[in-house]
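Accompanying notes for the structure given below.
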Amino acid sequence: MAAGERPADMSADEAAVYDFATELLQTRQVSDANFKNMVDRFGERGVVETVGTMGHFHTLTMLFVVDRYPVPAGAPDEIKAPK
């Protein structure tokens, strides 16, 4: 994923979440097909929890950037240099 490529060997559940999250982040909307796939697999509550989790991690990332939180030694700095 860090290389910007879709992971190869995902389960159907993993692929549903990946497709949903990727589409939402890239287009700021979700197709009816991806929404239905998520609801069929995880229910409407699962969709809400997925979006909430995505928002939580975006918030943490923004806080780390604003605070200039140091990345551990030897770790890639994906926040400053995304691919």
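The values are calculated or read from the model by the stated rules, or taken from the named source; none is laboratory data. Here the structure is a predicted model, which is why all the values come from computation and not from measurement. Note: ideal-geometry Cβ built from the backbone for every residue, glycine included; neighbour counts use all protein chains shown. Surface accessibility is based on the protein's heavy atoms, side chains included, excluding ligands, DNA and RNA. Shrake-Rupley method; radii C 1.70, N 1.55, O 1.52, S 1.80 Å.
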Checklist entry - In whole Å and largest first, what semi-axes does the C-alpha gyration tensor of the chain yield when each eigenvalue is scaled by 5 and square-rooted? => result 27, 16, 11
Next on the checklist: Take Val65 and Gln26, extend 7 Å from each Cα along the Cα→Cβ direction, and tell me the distance between the two endpoints in nm.
Outcome noted: 2.0
Next on the checklist: For the chain, what does the accessible surface come to per residue with a 1.4 Å probe? Please give it in Å².
Outcome noted: 80
Checklist outcome for this item: Helix 32-67: inclination vs the chain longest Cα principal axis, degrees, rounded to 10, gives 10
Next on the checklist: Calculate the FRET efficiency for Asp9 and Arg41 from the Cβ-Cβ distance with a Förster distance of 25 Å, rounded to the nearest 0.05.
Outcome noted: 0.90
Checklist entry - Dipole magnitude of the chain about its Cα centre, charges +1 at Lys/Arg Cβ and -1 at Asp/Glu Cβ only, in debye to the nearest 20? => result 280
